[in-house]
Amino acid sequence: MIESSRQNKAAWEYNAYDFWVREAGRPEELAKKILANPVAHLRKYAPYFDAFQGVRVANICGSCGKKAVPLALLGAEVTVFDISADNCRYAMGVAEAAGVSLSYEVSDVLEIDLQKYGGSFDVVFMEGGILHYFHNIDQFMEMMHALLKPGGRIICSDFHPLTKIMDVLSFQRPTMSYFSTEILEGEMPHAKFYAEEERKQFPKCQLRLYTISEIINAVIGAGFTLKRFDEHPAWTNADLPGEFTILADK
């Protein structure tokens, strides 16, 4: 594991389980909410799936299972790949409380065992802002391509690159040139929800922010056929883009 991944792992395992309990409730509480309406918990991503029943899904950086569990409840066979053991503990607790089977691999996404998982999935799915944790987006997209069966699909939703030059999502992060390739040190997304003294104790992450063209060209360069590129309004200001979703096929 490279040093930046070690640093990001330490950050994502710092107080993560307690944060999810604080943010989403105990695993059984979140499970109860998801059981009431699994599709609603997939939010805007549900229409990007052609089907759920029997579909093999790799949920990349699936965190606390908030999307993996509803997918499993809808009939998908879900494997989460995430670097945080704390995230795994919470997600598996939610899955158990919801009565569904979930596979969870705690590993660096770029070190996934392709002898075991290569060409295994119908869909690779990611959301919530993960691309900036990977400093070589071409390598990342090549791994996503390798995980898919022929004819498989990538659903990649992430923060809009406008966030490089404007804090449209209130991340409290310094802005920079849109074309900057700098690796910057940033705090965990949930650190800002803690008191200032505790916030200072959180380990930092190493982030690389991308332009729209870098992201799209990485998808094409990995061998995908681009099907859709959708932009979504920011949750802070509906007049500005805050997120995007890419749909592409192998």
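The values are calculated or read from the model by the stated rules, or taken from the named source; none is laboratory data. Bear in mind that the values here come from a model prediction, so they are computed numbers and not experimental data. We place every Cβ from the backbone using ideal geometry, glycine too, and count neighbours over all the protein chains shown.
Taking region 126-163, which residues are on the phi > 0 side of the Ramachandran plot and either over 14 Å from the mean Cα position of the chain (by Cα) or of a type in the set (Ser, Thr, Tyr) (or both)?
The answer is GLY151, and nothing else.
Could we say that VAL39 is surrounded by fewer than 17 Cβ atoms within 10 Å (Cβ to Cβ), of a type outside the set (Gly, Ala, Ser) and in contact (Cβ under 8 Å) with a residue 24 or more places away in the chain here? Walk me through it before giving the result.
On the way: surrounded by fewer than 17 Cβ atoms within 10 Å (Cβ to Cβ): yes; of a type outside the set (Gly, Ala, Ser): yes; in contact (Cβ under 8 Å) with a residue 24 or more places away in the chain: yes.
Considered against the rule, which asks whether it is surrounded by fewer than 17 Cβ atoms within 10 Å (Cβ to Cβ), of a type outside the set (Gly, Ala, Ser) and in contact (Cβ under 8 Å) with a residue 24 or more places away in the chain, VAL39 comes out as yes.
What tally of residues in region 116-147 results from selecting those that are touching a helix residue (DSSP H, G or I) at 6+ places or on another chain (Cβ under 7 Å), free of Cβ contacts under 8 Å to residues at least 60 places away in the same chain and small (Gly, Ala, Ser)?
The number of residues fulfilling the criteria is 2.
Quickly run through region 68-86 and pick out the residues that are out of contact with any strand residue (DSSP E or B) (no Cβ under 6 Å at 6 or more places or on another chain), farther than 20 Å from PHE140 by Cα and either modelled with pLDDT of 95 or more or surrounded by 24 or more Cβ atoms within 10 Å (Cβ to Cβ) (or both). Can you show your working first?
Residues of region 68-86 out of contact with any strand residue (DSSP E or B) (no Cβ under 6 Å at 6 or more places or on another chain): 69-70, 73-75, 82-84, 86.
From the residues that got through so far, the ones that are farther than 20 Å from PHE140 by Cα too are 69-70, 73-75, 86.
Passing the criteria: VAL69, PRO70, LEU73, LEU74, GLY75.
Looking only at region 100-154, which residues are in contact with a Lys or Arg (Cβ under 8 Å, 6 or more places away or on another chain), under 13 Å from THR79 (Cα atoms) and among the aromatic types (Phe, Trp, Tyr)?
Within region 100-154, PHE121, PHE125 qualify.
So which residues in region 13-23 are surrounded by fewer than 17 Cβ atoms within 10 Å (Cβ to Cβ) and touching a Phe, Trp or Tyr at 6+ places or on another chain (Cβ under 9 Å)?
Taking region 13-23 first, the residues surrounded by fewer than 17 Cβ atoms within 10 Å (Cβ to Cβ) are 18, 21-23.
Matches in region 13-23: VAL21, ARG22, GLU23.
Scan region 38-86 for residues that are acidic (Asp, Glu) and within 18 Å of the chain's Cα centre (by Cα) and jot them down. Step through it out loud before you land on a result.
Just the residues of region 38-86 that are acidic (Asp, Glu), to begin with: 50, 77, 82, 86.
Residues satisfying the conditions are GLU77, ASP82, ASP86.
So in region 229-250, with the set limited to residues that are assigned to a strand (DSSP E or B), in contact (Cβ under 8 Å) with a residue 24 or more places away in the chain and not acidic (Asp, Glu), which one is surrounded by the most Cβ atoms within 10 Å (Cβ to Cβ)? Give the steps one after another, and end with the answer.
Taking region 229-250 and keeping what is assigned to a strand (DSSP E or B), we get 229-233, 241-249.
Next, only the ones that are in contact (Cβ under 8 Å) with a residue 24 or more places away in the chain stay: 231-232, 241-249.
Now drop any that are not not acidic (Asp, Glu), which leaves 232, 241-242, 244-248.
Numbers: HIS232: 14, PRO241: 19, GLY242: 19, PHE244: 19, THR245: 18, ILE246: 22, LEU247: 18, ALA248: 24.
Step by step, filter region 229-250, then rank; the result is ALA248.
Could you check, for region 122-129, whether at least one of its residues is of a type in the set (D, E, K, R) and surrounded by fewer than 16 Cβ atoms within 10 Å (Cβ to Cβ)?
Scanning region 122-129 turns up no residue that is of a type in the set (D, E, K, R) and surrounded by fewer than 16 Cβ atoms within 10 Å (Cβ to Cβ).
Can you tell me which condition ASP113 does not meet? The list is (1) without any contact (Cβ under 8 Å) to a residue 12 or more places away in the chain; (2) among the acidic types (Asp, Glu); (3) touching a Phe, Trp or Tyr at 6+ places or on another chain (Cβ under 7 Å), and all the others hold.
Condition (3) is where ASP113 drops out.
What's the number of the condition LEU184 fails, among (1) surrounded by fewer than 20 Cβ atoms within 10 Å (Cβ to Cβ); (2) assigned to a helix (DSSP H, G or I)?
The failed condition is (2).
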